[in-house]
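Worksheet for the structure shown next.
Nothing in this text is a laboratory measurement; each read-out follows from the coordinates by a stated rule. Please read these numbers as outputs of a predicted model, since none were measured by experiment. Every residue, glycine among them, receives a Cβ derived from its backbone with ideal geometry; neighbour counts consider all protein chains shown.
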Amino acid sequence: MNSSKLKRGFYQEIELGKRALNFKDYKIAFYHFENAHILGQKHLYRHTVSHYWMFIFGIKTKNNKEIVGQTFRILASLLFTLVWVPKGNTGGTNISPIKKLPIREELKKYFKFNASF
C-alpha cells in the first residue's frame, strides 16, 4: 500500500465527512467517516481520529449509542491498533468492532491485496 496515497485519502475522507456534517447531511458524513476509518485503521493516530469524528457525529445527531460506543472505540484504538485491527471494518457502532469486512470498492485503489492487510 502506498502510505502517502493512503494518508491523503484518509484526510480527504475526514474533510468530506466534516463538510457533510456541517451541512447536516448525516448519512453522507458517516459514510465518509467510515471510509476514513477503513483507510486509517492501521495507523494509531489516524485510527483514533476516525473514531473521534464518529464520536462528534454521535454528539451532533444526539445518538447516545454512537457516543458511548465511540468512547470505548477511541480507547480501544489507542490500545489495539498496533496489535490487531479487523480489515475493512467501518468502525461504527452498527458493526461489531472485531468483524472483518470486504474493502469497499471505491477504497480498493489504496490497498495492495497481496499484502498482509
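Going by how many other beta carbons lie within 10 Å of each one, how would you line up H43, H37, fewest first? Numbers along the way, then the final one.
Numbers: H43 19, H37 28.
With the sparsest Cβ surroundings first, the list reads H43, H37.
What value, in deg cm²/dmol to 500, does the helix sum -39500 (n - 2.57) over DSSP H runs of n ≥ 4 give at 222 nm once divided by the residues of the chain?
Numbers: 4 runs with 69 residues, N = 117.
Result for the chain: -20000 deg cm²/dmol, rounded to the nearest 500.
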For this session: Take the cross-link list K27/K60; K5/K87; K24/K109; K7/K100 and give me the ones stretching past 23 Å between alpha-carbons.
Result: K24/K109
Problem set entry | Correct option for Rg/Rh (Cα atoms, Kirkwood Rh) [calculated from the coordinates] among [x] 0.94; [y] 0.91; [z] 0.97 | [x]
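By counting other Cβ atoms within 10 Å of each Cβ, how are F111, F33, F10, F72 ranked from fewest to most? Walk me through the intermediate numbers first.
Details: F111 18, F33 29, F10 23, F72 12.
Listed from fewest to most nearby Cβ atoms, that is F72, F111, F10, F33.
Magnitude of the Cβ-charge dipole of the range 3-110, K/R +1 and D/E -1, about the Cα centre, nearest 20 debye? Walk me through the numbers on the way to the answer.
Details: 19 positive and 7 negative charges, 29 e Å.
I would put it at about 140 debye.
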For this session: Arrange the following residues from fewest to most other Cβ atoms within 10 Å of their Cβ: I38, I56.
Result: I56, I38
